[in-house]
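Please treat every number below as a calculation from the coordinates, not as lab data. Values in this document were obtained by computation on a predicted structure and should not be read as measured data. All Cβ positions, glycine included, derive from the backbone under ideal geometry; neighbour counts span all protein chains shown.
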Amino acid sequence: MKQQHIELPIVTNDGVFLAHYSEKGLAGLDFPKVGRASSRAVSAKQIPLEILRWHRTTGEALKAVLTVRAPKEMPPLDMTGTAFQKSVWAAMRKISLGKTKSYGEIAAGIGRPKAVRAVGGACGANPIPVLVPCHRVLAANKKIGGFSSGLDWKIDLLKREGIIC
DNA sequence: TCCGTATTGAACT
DNA sequence: AGTTCAATACGGA
């Protein structure tokens, strides 16, 4: 019994995101990539009804965040990672809309005040950007820092939320 | 075990 | 004010 790793596109005004689902929930989310002509056509029949339901929720939540609104509902997240990473991701999800935290604050929040760089590593390993608001985590002096899936997205999202000019 | 990392804060130009 | 440097925790090879 292989793990079905299903990819489904989410069409937004900002492009086509690609959601990855496992049998347990949303396992990943990719930013739109230029030049991805056609995501593989998946016949809707092959997709478990449960996943379609998650996908709908995911799409709503994603669009909500992209329009600077709090998601009303989140799909189950299947985040594979170490205990430390889960702590970091959980801490990041507590950041409310339009707010920011520094890596140091996240580290302190999970009881490891000096693990700031490790926090950065966990952010980079975050499989679900946007929904887990890793873009709201800035460096201590309010500098942007980095972003795995493209710094442009981070800046753009921060602009929408009025965090930066 | 060693290396890289989306950091940080202090010391030095 | 800009730059360099050491410290620190964790994950991957």
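For the reader, a short list of remarks on this structure follows.
- Per the Debye formula on identical point scatterers at the alpha carbon atoms of segment A:65-122, with no solvent, log10 I(q)/I(0) at q = 0.22, 0.24, 0.28, 0.30 Å⁻¹ is -0.92, -1.01, -1.14, -1.21.
- Segment A:83-160: relative contact order as a whole-number percent, Cα under 8 Å and 6+ apart: 32
- Per-residue Cβ neighbour rank within 10 angstrom, fewest leading, A:CYS165, A:CYS134: A:CYS165, A:CYS134
- Surrounding net charge for A:SER149, when Lys and Arg each add one and Asp and Glu each subtract one, Cβ distance under 12 Å: -1
- Taking A:LYS154, A:LYS33, A:LYS86 as the candidate residues, the one with maximal mean-square fluctuation in a Gaussian network model of chain A, Cα springs under 10 Å, is A:LYS33.
- Working note: Cα atoms of chain A, range along each principal axis, descending, whole Å: 49, 36, 30.
- Charge dipole magnitude, Cβ of K and R +1, D and E -1 - chain A, Cα centre, debye nearest 20: 380
- Simple label model, 7 Å out from Cα along Cβ direction - A:ILE155 to A:ALA70, nm: 3.0
- Cα centroid separation, segment A:122-150 to segment A:74-112: 10 Å.
- Over chain A, relative contact order from alpha-carbon pairs under 8 Å, at least 6 apart, %: 19
- Seen from A:GLY124, the other residues with C-beta closer than 14 Å to its C-beta sum to a net charge of +2, counting Lys and Arg as +1 and Asp and Glu as -1.
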